[in-house]
Amino acid sequence: MANWEYTSGILPWTKSCFICGEENAHGLRLRSRIEGDRVVLDHVTREADLGWRHLVHGGLLMTLLDEVMTWAAILTFREASVAAELTVRLKVPVSVGRKIRAEGWTGFARTKLVAAEGRILDEDGTLLATATGKYMAMTQEGARFCAGDFVETGDCVNLPFLHGQQA
């Protein structure tokens, strides 16, 4: 249902986020991007992602889904957003060294709430996990506080609303 003005491009990242933060020593430093009506990111699972000795922690998969679904909500609301509710269904155990793709998109949008969906696939297209979530716009104070954490380069999609500016 995406009504974004963008259909491709790399999204800004932050300094501190576990998923995208370039200064987070323990983070993944991944880059989300827009592909049509989806926000996507790719990750090759690592030993550091383990829960059990041989399986990637389900919480990591949930975190990847939250990242792409949050970005889908941000693009829909045109303002910084956070999860209000997240439900994940883990369908297939994921092992280390597997290349996975997280995708997020939005469904219905109301004034104060956006419904988002997501999924994780492996490189063969096997469905590994699905998610649904409800997202709400961040408070203006929270958004102002977070605005200084974004890193935007010339190859990023220009999102002036992340800094309180009009698009």
Within the chain, helix-based [θ] at 222 nm, where runs of 4 or more DSSP H residues each add -39,500 (n - 2.57), nearest 500:
-5500 deg cm²/dmol
If the reach is capped at under 16 angstrom between alpha carbons, list the aspartates and glutamates near Lys134, excluding any in the same chain fewer than eight residues apart.
Asp66, Glu67, Glu79, Glu85, Glu103, Glu117
Just going by the charge dipole of the chain, with Lys and Arg at +1 and Asp and Glu at -1 on Cβ, which of Ala109, Leu162, Leu41 is farthest out on the positive end?
Ala109
Residue order, fewest to most beta carbons within 10 Å, for Phe108, Phe77:
Phe108, Phe77
Using unit Cβ charges (K, R positive; D, E negative) and no other charged atoms, how large, in debye to the nearest 20, is the dipole of the chain about its Cα centre?
360
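Using the number of other C-beta atoms within 10 angstrom as an exposure proxy, rank His26, His43 with the fewest first.
Going from sparsest to densest Cβ surroundings: His26, His43.
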Using the Kirkwood radius over Cα pairs, work out the Stokes-Einstein diffusion coefficient for region 8-151 at 25 °C and 0.890 mPa s, in µm²/s as a whole number.
160
Mind checking which of Arg89, Arg78, Arg53 has the largest fluctuation in a GNM of the chain, springs on alpha carbons under 10 Å?
Arg53
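Taken together, the values in this text are just the output of simple stated rules run on the coordinates, not laboratory data. Since the model is a prediction, treat every value here as computed from it, not as a measurement. Note that each Cβ is placed from the backbone with ideal geometry, even for glycine, and that neighbours are counted across all protein chains shown.
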